[in-house]
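Beneath this line is the structure, given in structure tokens, with notes to follow.
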Amino acid sequence: MTSIDVNELTKDYGATRAVDRLTFSVRPGRVTGFLGPNGAGKSTTMRLVLGLDRPTAGTATIGGRPYAALGDPLRHVGVLLDAQSAHGSRTARNHLLALATSNGLSGTRVEEVLKEAGLGQVGGRRIRTFSLGMRQRLGIAAALLGDPEVVMLDEPSNGLDPEGIVWIRELMKRLAREGRTVLVSSHLMNETSSFADHLIVLGRGRLLVDLPMREFLDSRSRPSVRVRTTEPARFGEVLAHKGYRAERNEDGYWTVHAARAQEIGVLAAAEGLPVLQLTDEQATLEQAYLDLTAGATEFESAADGATTRQEA
């Protein structure tokens, strides 16, 4: 089984500890979202996994081996760290051909990934003429070049238009369905919630969360139900009589706290109350993430800091 395994991984830069005894595994068959505030240690961790930096202590392996020990690494691990690193004077096709040749891959594969990334018609153009989104697609094409078992992407949606965002989202899901290991670092919470099955969250270099997406959201949510009925006054009386804590909103909906839609639906049916809408409410990934990382943010705006101090 091909997985990314990090064990007691630590990285110090002088007196600054960027990564602090991290231990986690990224498993095949699912998309793992890699989250954390700026300065949390995500990029450093990815560099350590890829052997681009040396750990102060601990280990990081891919399929049980350090990245540097992998023969033809592009066949095993596909990586997008910086889409701007490609030489602007090369054409997209020649950029990929250079990577393919150095890893023993065929030119046919170059054409395949150009087409898959939506760049088939512009492979002969110089990279310096590419938009940010096109460079991003080229970086993803390079990551796919070796048909790797492990894919690591840092902010893959950066610069993509809506069609491109849908494409990369579906691509990541497909790679996971094929049994590959997919690790995706992102700051876009709503986008991450659309593709990630599992979450690893860092804060100040330490592991905060290593949980399935649904379990993480459930752990950070207080259940509530949003209800609309044609008899709101009687509905409120019934809720009060049954001991529920509820409030009527300006839009005519009721919010029932510490409850689930199923139990409120059963209650309404028993009381003969017509229900027009009944929905469980849960924290979004963004809300849950901000709540979790409130004390682990290195860089904070003045307004946010003032709010935090007042609430504290």
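Under the rule of at least 5 residues apart or a separate chain, name every residue whose amide H is placed under 5 Å from the amide H of LEU80.
Hits under the 5 Å cutoff: MET152, LEU153, ASP154.
Determine the gain in length on full extension of the stretch ASP147-GLN277; use 0.36 nm per residue of separation and subtract their C-alpha separation, reporting nm with one decimal. Working shown, then result.
Working: separation 130, 0.36 × 130 = 46.80 nm, distance 4.69 nm.
Result for the pair: 42.1 nm of gain on full extension.
So what is Rg over Rh here for segment 222-281, counting just Cα atoms and using Kirkwood for Rh? The partial results should precede the final answer.
Values: Rg = 9.9 Å, Rh = 11.0 Å.
Radius of gyration relative to Kirkwood radius: 0.90.
Most fluctuating residue of GLU149, GLU286, GLU237 in a GNM of the chain with Cα springs under 10 Å: which is it?
Ranking GLU149, GLU286, GLU237 by mean-square fluctuation puts GLU237 first.
Could you list which residues have their amide H under 5 Å from that of SER221, counting only those 5 or more apart in sequence or on another chain, with H placed in the peptide plane?
Here the answer is none, since no amide H 5 or more places off falls under 5 Å of that of SER221.
On each of the three principal axes of the Cα atoms of segment 7-55, give max minus min coordinate, whole Å, ordered largest first.
38, 22, 18
From the Cα trace of segment 156-283, what convex hull volume per residue do you get, rounded to a whole Å³? Each step should come with its number before you reach the end.
Details: hull volume 22.4 nm³, N = 128.
Once divided by residue count, the hull of segment 156-283 is 175 Å³.
Using only the Cα atoms of segment 109-149, construct the convex hull and provide its projected area averaged over every direction, in square nanometres to one decimal.
Values: hull surface 10.8 nm².
Answer in nm², one decimal: 2.7.
Once the Cβ-Cβ distance between ARG245 and ASP197 is put in as r, and R0 is 35 Å, what FRET efficiency do you end up with, to the nearest 0.05?
Numbers: r = 34 Å, r/R0 = 0.96.
According to the calculation, E is roughly 0.55.
Using DSSP, restrict attention to beta bridges with both residues in the chain and report what percent are antiparallel, rounded to the nearest 5.
Values: 33 of 51 bridges.
The answer is about 65 percent antiparallel.
At a Förster radius of 35 Å, what calculated FRET efficiency corresponds to the Cβ-Cβ distance of ARG90 and ARG65, to the nearest 0.05? Mind showing how you got there, number by number?
Numbers: r = 31 Å, r/R0 = 0.89.
Efficiency, from the Cβ-Cβ distance: 0.65.
In whole Hz, with x marking every Gly and Pro, tabulate ³J(HN,Hα) for segment 78-86 from phi via Karplus 6.51 cos²θ - 1.76 cosθ + 1.60, θ = phi - 60°.
x, 9, 10, 10, 8, 5, 8, 7, 5
Between THR230 and ARG75, what is 0.36 nm times their sequence separation minus the Cα-Cα distance? Round to one decimal in nm. Let's see the in-between values first.
On the way: separation 155, 0.36 × 155 = 55.80 nm, distance 6.13 nm.
Gain on extension, THR230 to ARG75, equals 49.7 nm.
Any idea what Rg and Dmax come out to for segment 1-158 if you just take the C-alpha atoms, in Å?
Here Rg and the maximum Cα pair distance are 16.5, 50 Å.
Rounded to whole Hz and in sequence order, give me ³J(HN,Hα) for segment 250-257 from the Karplus expression 6.51 cos²θ - 1.76 cosθ + 1.60, θ = phi - 60°, writing x for Gly and Pro.
4, 7, x, 7, 9, 10, 9, 8
Please report LYS173, LYS11, LYS242 as a ranked list, fewest other C-beta atoms within 10 angstrom at the top and most at the bottom.
Working: LYS173 17, LYS11 22, LYS242 14.
If I rank by nearby Cβ atoms, fewest first, I get LYS242, LYS173, LYS11.
Can you compute 3J(HN,Hα) from phi for each residue in segment 268-273, using the Karplus curve 6.51 cos²θ - 1.76 cosθ + 1.60 with θ = phi - 60°, rounded to whole Hz and x for Gly and Pro?
4, 5, 5, 8, x, 8
Read-outs throughout are calculated quantities, based only on the coordinates presented, and are distinct from any laboratory measurement. Not measured: the values here are computed from a predicted model. FYI the Cβ positions are ideal-geometry reconstructions off the backbone, even for glycines, and counts take in every protein chain you see.
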